[in-house]
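Okay, structure first, notes after.
Coordinate-derived values only; no laboratory data. Since the model is a prediction, treat every value here as computed from it, not as a measurement. Glycine also receives a Cβ, built like all others from the backbone with ideal geometry; neighbour counts cover every protein chain displayed.
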Amino acid sequence: MTPRKTLRARMIVVPMVLLVVALAACAPTAHRPQQRDASMKAPASKTTSNPVRHDLEPITKRFPVLGSLMSGAWVSGDMGDPSVPGPSLYWIDAVVELTAETANDLKQQYQPVPTTAVPKVWNTLTELLPKGGYLASDQLDAAFTTTKLKSKAFVAADAPVVVISAIGE
């Protein structure tokens, strides 16, 4: 092969090799593609929590539909993997006792219906969940949802208690 042909071959082969290497680096790993895809699609979960709190002002401020509360407990924390950089979501779970009048108003205004769903709250609040069934509706969820928080709310069927799980930025 002449030096000129060798130079031409190198001018074609070297860029092609670099292109193949670059494309291979961008592709998902061949040895675990399912694991990588699953981790990319997995929803963030509650990973850290603060201590249980009983001061009600932060809850009534975030959820004005509650009115004045009798008592309550709530906890908040972060979502996802704390070692991953970037913006994170936070969560709030609350179990609050309402006045009987406020509980009745919520039931009349938002028309919750019996549900088999059970509120999913942080483990430090599970013992505070009222026994018995729950009532829920999309309208009730919307009443506790704000521009900063997406909420799921349950009214206890046999007690003036609301359970709230909210996620926000």
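For the residue pairs 61/107; 107/152; 61/148; 46/131; 107/148; 61/120, the alpha carbons lie more than 19 Å apart in 61/107; 46/131; 107/148; 61/120. Computed FRET efficiency, Cβ-Cβ of residue 45 and residue 117, R0 22 Å: what is it to the nearest 0.05? The value I calculate is 0.75. Across the stretch 88-116, the residues whose backbone nitrogen lies under 15 Å from the label position 7 Å along the beta-carbon direction of residue 52 are 93-97. All C-alpha to C-alpha distances of the stretch 57-168, sorted into 10 Å bins beginning at zero, yield P(r) values of 14, 49, 29, 7, 1 percent in whole numbers. With neighbour counts taken as other beta-carbon atoms within 10 Å, the residues 70, 79 rank, fewest first, as 70, 79.
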